[in-house]
Amino acid sequence: MHNILVLGGTIEATRLVAELASAGLPCTLSYAGRVERPKPQPVPVRVGGFGGTDGLASYLREHAITHLIDATHPFAAQISRNALHAAQATGTPLLALTRPPWTASPGDNWQTVPDIPAAAAALAGPARRILLALGRMHLAAFAQAPQHHYLLRLVDPPEAPPPLPDHHIILDRGPFDAASDEALMRAHRIDLVVSKNAGGSGAQAKLIAARALGLPVLMIDRPALPARHETHEIRTTLDWLMG
Ligand code: 3Y8
Ligand code: NAP
């Protein structure tokens, strides 16, 4: 009898749990609780941290989880490390459902940096009008480059005003579409886009819009993750669960 735990927060997790619900496979979707109103789902949802690797291992044991799916965002490195170690500690089968990184296409003008601090350091120089579409968790890193005008796209209003003297906040959640992102970037006279290499379709709109507008993109590479069983396909995930 299956009892699946999906670590979510991505479109792939949403699509997977929809398939599991229609297949009648018992599963729970887990959110960290990063946003005020997580998207409603057709399966039971739990919200909040587990309490590190040990907390997740206890959860796996106490709920007799038979399969652990890590369908979290590629930048959510801590939970992915915890999932691997908790699965090893409890002997729970683990599969990561992820999406391949984006690669620059002809017509793209990308500068690639290894992490968020390097992205902030790359913004030394004359003032620009920047779409900073990284969410709320990393705004402080950009306080070292206060000369720019920042267009901040956040899911929820920030608890405190961002440490950026010249900014404009728009509240919106993805998935986004390229036409709307192009209109947004024109309206705000954006001349640089800063993006995580999230992969997938939900955050890609701003890259398609930047290409259409001939704008440069500062692309932040993903954090390194330990080796684990991984797939990009929901079909493969379902086959693994039924195997
Ligand atoms: C809480 C749960 C779904 C999942 C939808 C995906 C796509 C739309 C695009 C931009 C980029 C960003 C951000 C983004 C996208 C999907 C996916 C994705 C990027 C929700 C959600 C949760 C979060 C957390 C949130 C972070 C932030 C990151 C905004 C739900 C809506 C920037 C990542 O304000 C904050 O504190 C936001 C925090 C973590 C990254 C950050 O570092 O700030 N996601 N996003 C999850 C939890 O509690 O466990 O759907 O309500 C999910 C989605 N956001 O089912 O349709 O698959 O990635 N999410 C990035 O890629 O750079 C926005 O604006 O162009
Ligand atoms: P993170 O840095 O890897 O994790 C930090 C801590 O948050 C974890 O140790 C864990 O707390 C808790 N946590 C994270 N994801 C969780 C989940 N799905 N269920 C339960 N607890 C979780 O994670 P993050 O970057 O803050 O991302 C948090 C969530 O937002 C994830 O679900 C991720 O998929 C989603 N998200 C993140 C991004 C991004 O850019 N980082 C983008 C889109 C969506 P404990 O140690 O207490 O267990």
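Numerical summary
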| item | result |
| --- | --- |
| Dipole in debye (nearest 20) - the range 134-198, about Cα centre, beta carbon charges: Lys, Arg +1; Asp, Glu -1 | 80 debye |
| Kirkwood-type radius of the range 6-137, with distances r between different C-alpha atoms, in Å | 17.0 Å |
| Length-normalised contact order for the chain - Cα pairs under 8 Å, 6+ apart - percent | 20 percent |
| Signed unit charges on C-beta, dipole axis of the range 134-219, positive-most listed residue MET137, ILE190, ILE208 | ILE208 |
| The range 64-149: relative contact order as a whole-number percent, Cα under 8 Å and 6+ apart | 24 percent |
| In Hz, Karplus ³J(HN,Hα) per residue of the range 160-166 (6.51, -1.76, 1.60; θ = phi - 60°; x = Gly, Pro) | 10, x, x, x, 10, x, 10 |
| For the chain, calculated [θ]222 nm from helices alone, where every DSSP H run of n ≥ 4 adds -39500 (n - 2.57) | -9000 deg cm²/dmol |
| Carbon + sulfur, % of accessible area of the range 141-243 - ligands and nucleic acids excluded, 1.4 Å | 55 percent |
| Dipole of the chain, positive direction: furthest Cα of LEU154, THR53, ALA64, with charges on the beta-carbon | LEU154 |
| Accessible area per residue in Å² at 1.4 Å probe, computed on the chain | 47 Å² |
| Charge dipole (debye, nearest 20) of the chain; +1 at Cβ of Lys and Arg, -1 at Cβ of Asp and Glu | 220 debye |
| Lys, Arg +1 and Asp, Glu -1 on Cβ, resulting dipole of the range 1-143 about Cα centre, debye, nearest 20 | 360 debye |
| Two-decimal Rg to Rh for the chain - Kirkwood Rh, Cα set | 1.00 |
| Hull shadow area, averaged, the range 39-82 [alpha-carbon convex hull, nm²] | 3.7 nm² |
| For the range 113-192, convex hull of alpha carbons as volume per residue, Å³ | 95 Å³ |
| Quotient of C-alpha Rg and 2.2 N^0.38 Å, computed over the range 203-243 | 1.84 |
| With Cα atoms, 0 to 90° folded angle of helix 52-62 axis to the chain main axis | 30 degrees |
| Simple label model, 7 Å out from Cα along Cβ direction - ARG173 to ALA121, nm | 3.5 nm |
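The values are calculated or read from the model by the stated rules, or taken from the named source; none is laboratory data. Model, not experiment: these values are computed from the prediction. Cβ coordinates were reconstructed from backbone atoms using ideal geometry, including for glycine residues, and neighbour counts include every protein chain displayed. Surface accessibility is based on the protein's heavy atoms, side chains included, excluding ligands, DNA and RNA. Shrake-Rupley method; radii C 1.70, N 1.55, O 1.52, S 1.80 Å.
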